[in-house]
Amino acid sequence: MKLSAVQEINSSEPLHLESKEWQKIQGTVKTADGKIDVQTADKGQVEVAKDSVSLIRSQSAQAAYEQTLHPDWFHSWTGGANVSFALTRGNSETKNLALAFLADRKTLTDHLGLYLNTVYATNDAPAAVPNLTANAIQGGARYDHNLSSRVFAFAAGDFQTDQLQELDLRSVVSGGLGFHMIKSERTTFDLLGGANYTHEKYDTFSRNVAGLTLGEELSTKLGAATALTEKLYFYPDLSETGEYRAAFNFGTVTKINSWLGWQNSFGDIYVTNPPAGTRQNDILLTTGLNFSFKH
C-alpha cells in the first residue's frame, strides 16, 4: 500500500521509519495535520512530513530486513539433490547410479553456488569388456561479490575425475569480473571474463595450464513450476596456442510439490588434447526425482 493512501497511523509499539533522504527514525508514531509525529527515545518528539517518508517497518520486519543484510553462512540456502539408480539381471546384468546436487546462497551483496554431478555404471555380465562403463565426477563452487548493481567479481573452483579418460583429477581455479546483462525476479543472464590456472593429472602424465576464462550463465523460470539453468564456458590455453577446453551444463527442475520435483542435468566437457587413445568429449546426463530444501 502507498503511504499517501494511509489516512492515520497510531502505534503503541516502536516503528522504524526511513525518509527519501535516507534519514532513519525509530519510535512510536501518530499522525496529525498531514504530518507524522515520532516519539523517539533519544531526541524526543520528531515531526516528519508524510510525503517525505519512503517506508515504515515494524520491529519484527526491521529485524528480518537486517538479517538479509548480514545473514550468517547457514541462512539463505536453497537447492536440491537428484538420485537415480537402475539395476538389470537375467539376460543383462548392469547397474547404474547417478547423483546430482545444486545449492545456492544469495544475499543483497553476494552469491555462492555449489554443484556436483556423478555417474557410476558397470556391465556385470561374465567376460564383459570393459566391466566398468562409467565412473565420472564433476563438481565445484563459485563465489560472486557485487561491485555495483550490474558488475561483480567472481572466484571459482571446478574439479573433475573420469576413470575411462584416465583422468585422475582436473583442478581449475579461476577469477575475474562479471556483468549482469539481465537481472530480474524471473531471469538472470551473466557474462564473465577472467583468467584461470588448471592442473591435470592423468594416469600417464600431468600438466599445468594457464588460460583465459570466458563464459555465460542463464537462470530463468518457465511458468510457475519449472526452473532452467544453463552455463557455457570456454577456456583458451595461453601456454599452447590452439589448445582449449569447453564446458557446457544444462539443467531443469520441475516442482511436484514444495519439496519434491523432477530434475534433469546434462554436462559436456570437451578437451582438444586428451591422452592418446581416449576421446575428447565427456558427457554426463542424470535424471530422476529431486529433493529440494530451503533454509
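Residues in the stretch 185-203 that are closer than 28 Å to Thr287 by Cα and of a type in the set (Ser, Thr, Tyr) were compared, and the one that is surrounded by the fewest Cβ atoms within 10 Å (Cβ to Cβ) is Thr187.
Does any residue of the stretch 204-224 turn out to be in contact with a Leu (Cβ under 8 Å, 6 or more places away or on another chain), open to solvent by 60 Å² or more (accessible area, probe 1.4 Å), touching a residue at least 60 places away in the same chain (Cβ under 8 Å) and assigned to a loop (DSSP other than H, G, I, E, B)? Within the stretch 204-224, none of the residues are in contact with a Leu (Cβ under 8 Å, 6 or more places away or on another chain), open to solvent by 60 Å² or more (accessible area, probe 1.4 Å), touching a residue at least 60 places away in the same chain (Cβ under 8 Å) and assigned to a loop (DSSP other than H, G, I, E, B). The residues of the stretch 222-237 that are within 14 Å of the chain's Cα centre (by Cα) and farther than 24 Å from Val271 by Cβ, listed by number, are Ala227, Leu228. When you check Arg105 against the structure, is it buried (at least 17 other Cβ atoms within 10 Å of the Cβ) and either of a type in the set (D, E, K, R) or closer than 25 Å to Ser76 by Cα (or both), yes or no? Against the criterion (buried (at least 17 other Cβ atoms within 10 Å of the Cβ) and either of a type in the set (D, E, K, R) or closer than 25 Å to Ser76 by Cα (or both)), Arg105 qualifies.
Ala41 passes every criterion in (1) closer than 16 Å to Ser58 by Cβ; (2) modelled with pLDDT of 75 or more apart from (1). Can you tell me which residues in the stretch 174-208 are in contact with a Ser or Thr (Cβ under 8 Å, 6 or more places away or on another chain) and within 30 Å of Leu132 (Cα to Cα)? Selection gives Thr198, His199, Glu200, Asn208. For the stretch 72-87, check the following and say yes or no: at least one residue is over 27 Å from Glu230 (Cα atoms) and open to solvent by 60 Å² or more (accessible area, probe 1.4 Å). Checking the stretch 72-87: at least one residue is over 27 Å from Glu230 (Cα atoms) and open to solvent by 60 Å² or more (accessible area, probe 1.4 Å). Before we move on, is Arg142 open to solvent by less than 60 Å² (accessible area, probe 1.4 Å), over 21 Å from the mean Cα position of the chain (by Cα) and under 21 Å from Ala195 (Cα atoms)? So Arg142 does not fit the description; no.
Determine if the stretch 16-36 includes at least one residue that is in a loop (DSSP other than H, G, I, E, B), of a type outside the set (A, V, I, L, M) and open to solvent by less than 30 Å² (accessible area, probe 1.4 Å). No; the residues of the stretch 16-36 include none that is in a loop (DSSP other than H, G, I, E, B), of a type outside the set (A, V, I, L, M) and open to solvent by less than 30 Å² (accessible area, probe 1.4 Å).
Name the single residue that is most open to solvent (accessible area, probe 1.4 Å) among those in the stretch 88-100 being within 15 Å of Thr122 (Cβ to Cβ) and of a type in the set (A, V, I, L, M, F, W, C). In this case the residue turns out to be Leu97. For the stretch 37-69, the set of residues classified as open to solvent by less than 70 Å² (accessible area, probe 1.4 Å) and among the acidic types (Asp, Glu) consists of Asp37 only. Checked against the criterion of being touching a Lys or Arg at 6+ places or on another chain (Cβ under 6 Å) and farther than 21 Å from Ala141 by Cα, the candidates Glu47, Glu93 yield just one match: Glu47.
All told, Glu13 meets the bar of being at pLDDT 75 or above and assigned to a loop (DSSP other than H, G, I, E, B). Taking the listed residues Ala100, Ala81, the one that is touching a residue at least 40 places away in the same chain (Cβ under 8 Å), assigned to a strand (DSSP E or B) and touching a Ser or Thr at 6+ places or on another chain (Cβ under 7 Å) is Ala100, with no other qualifying.
The values are calculated or read from the model by the stated rules, or taken from the named source; none is laboratory data. Predicted model, so just to flag it, every value in this text is computed and none were measured. Neighbour counts are summed over all protein chains in view; Cβ atoms, including those assigned to glycine, are modelled from backbone coordinates with ideal geometry. For the accessible areas, the whole protein counts, side chains as well, though only heavy atoms, and no ligand, DNA or RNA atoms are used. Shrake-Rupley method; radii C 1.70, N 1.55, O 1.52, S 1.80 Å.
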